[in-house]
Structures are given as C-alpha cells and as structure tokens.
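The values are calculated or read from the model by the stated rules, or taken from the named source; none is laboratory data. Since the structure is predicted, the reported quantities are computational estimates derived from the model, not experimental observations. Glycine also receives a Cβ, built like all others from the backbone with ideal geometry; neighbour counts cover every protein chain displayed. Side chains are part of the model used for accessible areas, which takes the heavy atoms of the whole protein and leaves out ligands, DNA and RNA. Shrake-Rupley method; radii C 1.70, N 1.55, O 1.52, S 1.80 Å.
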Amino acid sequence: MSDCCFEACQSQRLPDPEDETFLAVRNLSVHYGAKVALESVDIDIQRGRVTALIGPSGCGKTSFLFTLNRLSDLIPGCGVGGRVRFEGTEIYSDGVDIGLLRANIGMVFQKPNLFPVSIRKNLYLPLREHGCPVNQLDRRSEEVLREVGLWSEVSDRLDASAHSLSGGQQQRLCIARALTLRPKLLLMDEPCSSLDPMATDVIERLILKMRGEYSIVIVTHNLAQAQRIADDVAVFWCHDESGCVIESGHAEAVFRAPKQPDTVAYLAGQRG
Amino acid sequence: MKTRGATRNDRILLWGLRGASVLASSIVLLIVYFLLAESLPALRRIGIARFVTDGDWLPSTAEGENQYRLVPMLAATLLSTLGAVLIAAPAGLLSAVFCHFYAPKALATLQRRIVELLAGIPSVIYGFWGLVTLVPILQRLAPPGQNLLAGILVLTLMILPTIAMLASATLATIPQAHLQGAAALGLSRWTTLRGVVLPEAAPGLLIALLLGTMRAVGETMAVLMVCGNVVQIPTSLFDPVRTLTANIALEMGYATSEHRSVLFVSGLALMALVVLLIGLQRQFRRSVTLV
Amino acid sequence: MSRSTSRGARAKVADGLVQALVWGTAGTVSAVFLCLVGDLLWHGLAGIDLDFLTQGVERTGRAGGIFPILVSTFLILAVCLAVSIPIGLLTAILLSEFSRRNPTLSRLVGASLDVLAGVPSIVFGLFGNAFFCIALGMGFSILSGGLTLSCMVLPIFIRSVELGLRAVPSDYRLAGAALGMSHTSMLLKILLPAGAPGIAAGLMLGVGRALAETAALMFTSGYADRMPSSLMDSGRALSLHIYDLTQVTGGRPNAYASGVVLVALLLVINLLASWTVEHIVGGRVQRV
Ligand SMILES: Nc1ncnc2c1ncn2[C@@H]1O[C@H](COP(=O)(O)OP(=O)(O)O)[C@@H](O)[C@H]1O
Ligand SMILES: [Mg+2]
C-alpha cells in the first residue's frame, strides 16, 4: 500500500539532515484514524526564506503545518510518523518542551482566531505566558503592532474587544500576536482566504516586508500570490486519497519549468 | 525557563482534576456501600423471603415479634408510578406537540415558560397543593380523600414538565426538510404527526418516559402528603396507600436496629429500581445512536 | 370516488379531534399552573410581612416568623456550594477538556454521574444519615445537610459547566496551543472566562435543586427551628418547614406564606438560569 503510493507520489528522497539545516522533514506521514492524509514527505526548509505550499484542497497542507509545531497532538485520532528536525532537535523525541517549541514556531490560521478579550490582552497573554517582564509588555506590543501596520489603526482603542476589529485587521492582529514571541519560524495557513481583496493585499505586502527577516511557511491557493512572495515552493498532490509532495524547489524553477506532469496540469489549470 | 514551570503547573492541574473526578464519582460507590452495610443485618437475620411472606408490616412491636412485609409499599410505589406515567406521558407529549405544531408563536413561548416553571416547583409545594386543593375534592368522592388516586394525580403533575421538556427537545431535532416534505404532499397535521413526527421522535420520547418514571419512583414528599400512608395493597384507586419512599420518611426518625436496617433495605430496593431504569436508558441511547 | 371522500372526511375528523386534544391538554396544564400559583399567592401573600421574615418561630410554626429557618436554609446552601463548586468545576474541566487523554476515567465519571443524578432524594437522606451523621460523627447538623445536598447537586452542576466549556469554540484552544500556552493558563485566562455563563447557569440550577430539596434533609440537618449557633447545630430548611407545618393543626396560614417565599426564591433563580442560558451562552455561541 505504502509502496504503491510511494511510486505514485514520486517524491524525492533526501539524505539524512545535516545539523545546520533549519527545518528538515523526513519520511513524514499523517493519518486520522485509519485514513492516511499525508505520506512520505521529505523536504528541507531554509532559514530566512518564504516557502509556499500549493496544491488542491484536501491533500494535506494543513495537516503538514500542524505536524511542524505539534498542534497535531491536539487533533483527536491524529497520528504522525517520520522525523521532523528543527534547528538540530528532533521535535518528536521525548522530553521536547512543547511550549517552547510553539513559542519558537508561530502560527497564523485560516480564520482569525483572536481570544474574546481586548486587543491589548490578546498580545499580553502570550508575552506573560513566556515570561516577558511586566514593564516591557507595552513596548513589545507596540513594536509588533507597528510591524504589522496596525498601530495607527488601533493605538487609541487597545482596550476594545478584539472581535470588534474588521476581518483583515483581526488577521493582522493574529500575525502580530504570533510575532510577540519573536518566532524563528512562522507558519501561515491560507491567511488571506477569508479576507476581501483589499485586506488580502495589505497582508501580502506585510509578508513581502517580512521576507528575509523571518522564515515563513505559507499555504496559499493563489498562484499569483505565491509567485510574488515565495522563494521556495512545494507542490502537494493527492494520490489514492492520500496526500504527498510531488515537487519542491526554488519558486522560479518550479513555476517556469515544472518537472511533474501533475504540477504542469495544476499550474495550467489554475492560470486557466 | 518559564515554560518548564508551566509544564509542572499542567501536571499539578491534571492531578487536581483527576482527584476531584475520582472524588465525585466515588459518591455513588459510597452510597451503595452504606446502603449495603446498613441493610446487611436485616438481609442476614431476616432474609429477603420474609419481606414477602410476613403477614404484615409491624416493625416496632416487642423484640423478636416484628413483621416486615414490604410488598404493600412496593405495590404502592409501582402502582402510583404506573398511573402517573400513563397520564403524564401522553399529556407531556401533547403539550410538546402543542408548542411545536399547533400554537401560535407567542402562545408556544408562554406554554414553554409555564412548563419550565412547573419543573422548578419543589415537590413539597406540589404535596402541599395536593393536600389543600386536590384532597378536599377527592374527599367528596370517597373519604378520606388521601389515596392512591391523589398520589397519581400529584405525581402526574410533577413528572409532566420533565416529559414535556424532553419531548420538546426531541421534536426540535426533527429536520425541517421532512416536515416540509410532508406539507408539500398536502398531508394534514395529524397525518404528518403520525407518519413523520412520531416515528422519528420515538426513541427520544421513550427516553423522556424513562426519565419521568425514574422521577416518579423516587418522589417522596408529594406522595407522603397526599397518599394517606396506610400500609395495604390497594384494591381501588380510592384506597389510601404508603409508598416505599413515604415509609422511609415516616419511620427513619425513630427506627432503631433491625427496623432501621429494613428501611435501608427498602432504600436499596429503590436504588436498584433506579439503576435498572438508568441502565435501560443508557442501553437504549446506545442502540439509538448506532442506528 | 365516494370511498375516497369518506376516507377524507374521516381524516378530517381525526385531525380535528387531535387538535382539540392538543389544545385541551395545553390548556389544562396552564390552568393547573395558574391554579397552583394563584392558590399559593391568594392564601400566602397576606401572611408575608417584615415581621414574618425577621422573627423567630413560635408555637412550632403556627405563630411568629421564619427568620431562623431562612438562616438555616442559607447556611445549608452555603455549605453545599462551598463543597460542590470546587469539586464540580475541576470534574467538569476534566470531562470537557481532558476526556480524550483520560478516556477510561471520563467514561467512569460520566456513568457514575448519570447514576448519581437519578438517585432518589430519600436515598440521599439515608446515605447522608449513615455517612455524615453517624460514620463521620457530625450528627444532625447543618454541615451534614449541606454535604448531603452537595452530593445531590454535583451531577447537575458538573453537566452544566461541562456543556458551557464545550460551547467555547475550539479555535481558542488551537490559538492558545499555537502560542505555546500551558493548559493551566489557557483554562484560567481563556476557557473559564469564556465558559462563565455555563458555570453561572449550572450554579443556579444547583441552587434551585438544593433549595427545593426536602426529603434528603429530614434525617441529616434535622428539624430544630431555633437559630443555629454553628454549622454543627441542627437547622430546619424552608422546604422542610412547610412540610412540618402541614402536620401541625393551625399551621396552614404560615405554610402558605412560607410556600410563597420558597417559590418566589426558586422562580427568581430558575428564570435567571434560563435567561443566562438563552441570552448569554446562546449569544456567545452564535457570535463566534
Ligand atoms: N480532524 C480530521 N479528522 C479526520 N480527517 C481529517 C481531519 N483533518 C483533515 N482530515 C483529512 O485529511 C486530509 C487532508 O486535509 P487537510 O490537511 O486539511 O488538507 P488541505 O489543508 O490541503 O486542504 C483531507 O482528506 C481531510 O478530509
Ligand atoms: Mg487546509
């Protein structure tokens, strides 16, 4: 079964990761109960670059992101196989401090998921949790709000409910909240898919600004967007109802000269 | 640094939660243990058979001559429950049907509120009301008025809100599409009820009925106040009776040694009845969700 | 053709009959409710004044007020809540947040709570008498009564808090986890505040049940109608006072008045509970 899929997926096998690799994924698989959602994923993610994950819905992109910060632990019935090595640490070995791991790997979700408290409290909560001194809370909050361009919009109503913001503002606040902890890697799962074009544009420009400063893995359905923002690309595909990575590499190379016929078809269809 | 402390907090929290949960669930075990421990002397010295074969309920005559016939109390409990369920089940269902299919919106809300309020009225008030209002009426029919029928009527009132509210919750789960389908066929309201609503709601209604039964079996104050409390197997609805629960309430105050132990036996019997009903209901729930 | 019309006519008759039955039942239920409440108010309201609420019990309840009874009732309630709130909250949190990690324990706790919810109140009375009064040596006391009631109230409180916590969107849990927050701070800072309406509703349902209870208190907190001097003193709850008054001749006027007080307290609590559930819990669930 797994052999057949291995054939079908034709994913590249990578050698054992070296210690200085930023994030190395080897032979990763994800299953929900008996259903295999993702199989034999090998991929290296580089420091300081934006990696875009593209591919049709339901082929395991979200599942993949969830394995990187072990949010998969929280999903009932979800099991993960294979290795994920982040800055030299195997994150699926015993004794890993999951709180610390998640502080180092931030995440932004498809739908804004702010806590039902004030804007200020949303930023304070992770800072307090990870031991930020009380006298630095305000400074750090202002810093991240400026980074995502929200400061001028919300500085006069920090104590308003976070849910009173518009969808685009909420999503930017989610990004700011993830940035409070200065994560080494930021995961973004279709951060624009619930937003209107204007808000999408604002977020896209924000990501472009963050490029080089942060390491980002972003799932997107918008190929034009992927081309504009990504340094690297990984293409996810479904074979026999289970997902895998069929092609990955420099964005320019994949977009200009895709190697796999499925990638060609997908890119053509999307441009269509 | 901080995160290490946090995982320790998490571990303490988890143990706290487990401790509290074990404590909460051990209450049932404690109840069963104490019921058993206190009934054991009676079960040993008197034996179950005598609860049936003894000629009468004479719990506090001279030592050694006591008689412990529990059958009349058991009969009273079962008969009053049966009567109340026979009336309250259809009435509760009709009241729920009224809210969902017949009443204009405002009336439906009013009826729902009334049923809710009825559910919140304590049993001692039902008993009191039965005593001052219902019993005088029944007295004119057949003195002394405190009898099985009074018990059945008061119990009916008490379990009707339970059944009506659960039935209403069940009716609310019937997909709107099925009702629209029936309406599109031009079916009358009664045909829709019989053909679509009742079959779909049946499992939920049965669970409502079981819960109502459970409440009626365990009710003490209301039956204590209106049933007359004469130890006898009733031959008509107008005979005064004494239920198992009323018997405990009446005699626990002065019962000692063997007598007290027999009262705990009747408590154990009540508990067994309730556990049986809960088991039935859980079994039923499971089979419903499997389908 | 004629056959089908006769069948149609019969269906029409059945439809009408059922309609009459439905309206009749609903009308009867409402009428009985009005009769019950009306009767209580008609006879009871006259007996309530400031003296009734602030004076001691005289001539075993025929005269005087119900002040010591109210004090005992609230003390019993306080003991009950002091015990059931912490245990109930912790158990509800386990059931709603950690049942996946502790499946066996959760299943056991769930099953035992189901049984506990069905135990008749007189059986709680027997148990409370044997365990708290005798085995633990507390005697007939407010403490015994309150502890017995807390056993009774726990399943209601726990289920309601559990529902309240489950209604908190799982988005918050994911968001918290993704920020590396510990379970403890998630609970304290996000889940419990967001689940507060469910906790409040559970609390009020529990208080309602405890206030209404009579049979479980007969042989645990006892009948003493004087002012309790400590938690180890026996104290008569309001509901038990009403029952007792029906057993003494000439007790009815005060039984009515006490009944009005009890029902008024319960109405307020129940309305608050359903209002909380419908407007706050419902609203919160909808908004997110
Ligand atoms: N919690 C879950 N339980 C069961 N199956 C799931 C769950 N989450 C996702 N899946 C399945 O796993 C597959 C991959 O889903 P997902 O990772 O969300 O894909 P994508 O993000 O690429 O759209 C899908 O077939 C989906 O049905
Ligand atoms: Mg997805």
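Calculate the mean, over all residues of peptide B:125-136, of how many other protein chain Cβ atoms lie within 10 angstrom of the residue's Cβ.
Details: counts 15, 1, 4, 14, 7, 1, 3, 8, 5, 0, 0, 0.
Mean inter-chain Cβ contacts per residue within 10 Å come to 5.
Starting at 0 and stepping by 10 Å, how many percent of the alpha carbon pairs of chain B end up in each bin?
6, 21, 25, 22, 14, 8, 3, 0, 0
Rounded to a whole number, what % of the accessible area of the protein assembly as shown do carbon and sulfur atoms account for, probe 1.4 Å?
Values: 22180 of 35770 Å².
That fraction is 62 percent.
Sort B:S266, A:S29 from largest to smallest accessible area, using a 1.4 Å probe on the heavy atoms of the protein chains.
The residues order as A:S29, B:S266, largest area first.
Mean shadow of chain A, computed from the convex hull of its alpha carbons, in nm²? Intermediate results must be reported in sequence, preceding the final value.
Working: hull surface 59.5 nm².
Average of the hull's projected areas for chain A equals 14.9 nm².
If you count only protein heavy atoms and use a 1.4 Å probe, how large is the accessible surface of B:H100, to the nearest 10 Å²?
60
Pick from A:M188, A:M107, A:M198: which is most flexible by mean-square fluctuation in a GNM of chain A where alpha carbon atoms under 10 Å apart are linked?
Evaluated over chain A, the most mobile residue of the options is A:M198.
For region C:3-47, take the convex hull of the Cα atoms, compute a quarter of its surface area, and give me that in nm², please. Don't jump to the answer; show the numbers that get you there.
On the way: hull surface 10.8 nm².
Averaging across all directions leaves 2.7 nm² for the Cα convex hull.
If a helix is a whole DSSP H run, which ones in chain C reach 15 Å or further along their own axis (Cα) and hold a mean Kyte-Doolittle hydropathy of at least 0.5?
Span-like helices here: C:2-44, C:67-97, C:103-118, C:142-166, C:196-212, C:252-275.
Cα-Cα over 27 Å: which of A:K35/A:K61; A:K209/A:K259; B:K105/C:K12; A:K111/A:K209?
Numbers: A:K35/A:K61 15 Å; A:K209/A:K259 30 Å; B:K105/C:K12 24 Å; A:K111/A:K209 22 Å.
In this structure, A:K209/A:K259 lie more than 27 Å apart at Cα.
Heavy atoms only, probe 1.4 angstrom, no DNA, RNA or ligands counted: give me A:S72, A:S152 ranked by accessible area, highest first.
Numbers: A:S72 5, A:S152 100 Å².
The most accessible residue leads, giving A:S152, A:S72.
Just to be sure I understand the model, the point goes 7 Å from the Cα along the line to the Cβ. What's the resulting C:T60 to B:L82 distance in nm?
Going by the 7 Å Cα→Cβ label model, 3.8 nm.
Can you pull a Stokes-Einstein diffusion coefficient for region A:41-146 at 10 °C (1.306 mPa s), Rh from Kirkwood over Cα pairs, as a whole number of µm²/s? If you can, show how the numbers build up before the last one.
On the way: Rh = 16.4 Å.
Rounded to a whole number, D works out at 97 µm²/s.
For region B:136-280, what percent of Cα pairs sit more than 18 Å apart?
On the way: 7080 of 10440 pairs.
When all Cα pairs of region B:136-280 are counted, 68 percent exceed 18 Å.
How big is D, in µm² s⁻¹, for region C:174-244 by Stokes-Einstein at 4 °C and 1.567 mPa s if Rh is the Kirkwood radius over C-alpha pairs? If you can, show how the numbers build up before the last one.
Working: Rh = 15.5 Å.
Taking Rh from Cα pairs, D becomes 83 µm²/s.
Could you state how much accessible area B:L273 has, in square angstrom rounded to the nearest 10, with a 1.4 Å probe and all protein chains kept in place?
Using a 1.4 Å probe on the heavy atoms, I get roughly 40 Å².
Please work out how much accessible surface A:T62 shows to a 1.4 Å probe, ignoring ligands, DNA and RNA, in Å² rounded to 10.
Roll a 1.4 Å probe over it and A:T62 shows about 50 Å².
What helices in chain B pass both tests, a Cα length along the helix axis of 18 Å or more and a mean Kyte hydropathy of -1.0 or higher, using whole DSSP H runs?
Working: long enough: B:2-45 (64 Å, 0.57); B:71-97 (38 Å, 1.90); B:105-120 (23 Å, 0.52); B:148-172 (35 Å, 2.24); B:198-218 (30 Å, 1.31); B:257-290 (49 Å, 0.90).
Span-like helices here: B:2-45, B:71-97, B:105-120, B:148-172, B:198-218, B:257-290.
By how many nm would the segment from B:L198 to B:A172 grow when fully extended, if each residue of separation counts as 0.36 nm and the alpha-carbon distance is taken off?
Working: separation 26, 0.36 × 26 = 9.36 nm, distance 1.22 nm.
Taking B:L198 through B:A172 to full extension adds about 8.1 nm, to one decimal.
Sticking to Cα atoms, compute the Rg of region A:41-82 to one decimal and its Dmax as the biggest Cα-Cα distance, whole number, in Å.
Looking at region A:41-82, its Cα Rg and Dmax stand at 11.6, 34 Å.
Compute log10 of I(q)/I(0) for region C:27-149 with the Debye formula, placing one identical point scatterer on every Cα and leaving out solvent, at q = 0.09, 0.11 Å⁻¹, to two decimals.
-0.48, -0.68
With Rg and the Kirkwood Rh both taken from Cα atoms, where does Rg over Rh land for region B:2-45?
Numbers: Rg = 19.1 Å, Rh = 13.1 Å.
When Rh is taken as the Kirkwood radius, the ratio is 1.45.
Taking 0.36 nm per intervening residue step and subtracting the Cα-Cα distance, what contour gain separates B:L29 from B:Q232 on full extension? Don't jump to the answer; show the numbers that get you there.
Working: separation 203, 0.36 × 203 = 73.08 nm, distance 3.35 nm.
Result for the pair: 69.7 nm of gain on full extension.
Report the per residue volume, in Å³, of the convex hull enclosing the C-alpha atoms of region A:96-232.
Values: hull volume 14.9 nm³, N = 137.
With only Cα atoms used, region A:96-232 gives 109 Å³ per residue.
By how many degrees, 0 to 90 and rounded to 10, does the Cα axis of helix A:137-147 deviate from the longest principal axis of chain A?
So the inclination is approximately 60 degrees.
Provide the descending list of Cα extents for region A:148-227 along its principal axes, expressed in whole angstroms.
37, 28, 18
Which angle between 0 and 90 degrees, to the nearest 10, do you get for helix A:261-271 versus the longest principal axis of chain A when only C-alpha atoms count?
40
Mind checking the log10 I(q)/I(0) for region B:142-197 at q = 0.12, 0.13 Å⁻¹? Debye, one equal scatterer per Cα, no solvent, two decimals.
Per q value, in the given order, log10 I(q)/I(0) is -0.50, -0.54.
Taking 22 Å as R0, compute the FRET efficiency from the Cβ-Cβ separation of C:L267 and C:W23 and round it to 0.05. Intermediate values should be presented prior to the final figure.
On the way: r = 26 Å, r/R0 = 1.19.
My answer for the efficiency is 0.25.
On each of the three principal axes of the Cα atoms of the protein assembly as shown, give max minus min coordinate, whole Å, ordered largest first.
Computed over the Cα atoms, the extents are 101, 83, 57 Å.
Give me the percent relative contact order of chain A, please, defined on Cα pairs under 8 angstrom at least 6 residues apart.
Values: 485 pairs, mean separation 73.2, N = 272.
Reported as a whole number, the value is 27 percent.
How big is the gap, in Å, between the Cα center of region C:214-280 and the Cα center of region B:197-261?
About 22 Å separates the Cα centre of region C:214-280 from the one of region B:197-261.
If you rank A:E143, A:E213, C:E97 by how much accessible surface each has, with a 1.4 Å probe, what is the order from largest down?
Values: A:E143 65, A:E213 130, C:E97 45 Å².
Highest to lowest solvent-accessible surface, that is A:E213, A:E143, C:E97.
Computed over the Cα atoms of region C:81-132, what is the ratio Rg over Rh, Rh following Kirkwood?
Ratio value, two decimals: 1.06.
From the convex hull of the Cα coordinates of region B:1-87, what is the mean projected area in square nanometres? Please list the in-between numbers first.
Details: hull surface 44.4 nm².
In nm², the orientation-averaged hull projection of region B:1-87 is 11.1.
Relative to the first principal axis of the alpha-carbon coordinates of chain A, what is the inclination of helix A:119-129, with its axis defined by its Cα atoms, in degrees from 0 to 90 and to the nearest 10?
With both axes taken from Cα atoms, the answer is about 70 degrees.
Averaged over B:269-277, how many beta carbons belonging to a partner chain fall within 10 Å of each residue's beta carbon? Walk me through the numbers on the way to the answer.
Details: counts 1, 5, 7, 0, 2, 6, 3, 0, 1.
Across B:269-277, the average partner-chain Cβ count within 10 Å equals 3.
Compare B:V28, B:V265, B:V135 in a GNM of chain B, Cα atoms joined below 10 Å, and give the one with the largest fluctuation.
Answer for the Gaussian network model of chain B: B:V28.
Given q = 0.08, 0.16 Å⁻¹, what are the Debye log10 I(q)/I(0) values for region C:50-287, with equal point scatterers placed on the Cα positions and solvent ignored?
Log10 of I(q)/I(0), two decimals: -0.36, -1.09.
Give the separation of the Cα centroids, region C:25-66 to region A:101-179, in Å.
So the separation of the two Cα centres works out to 57 Å.
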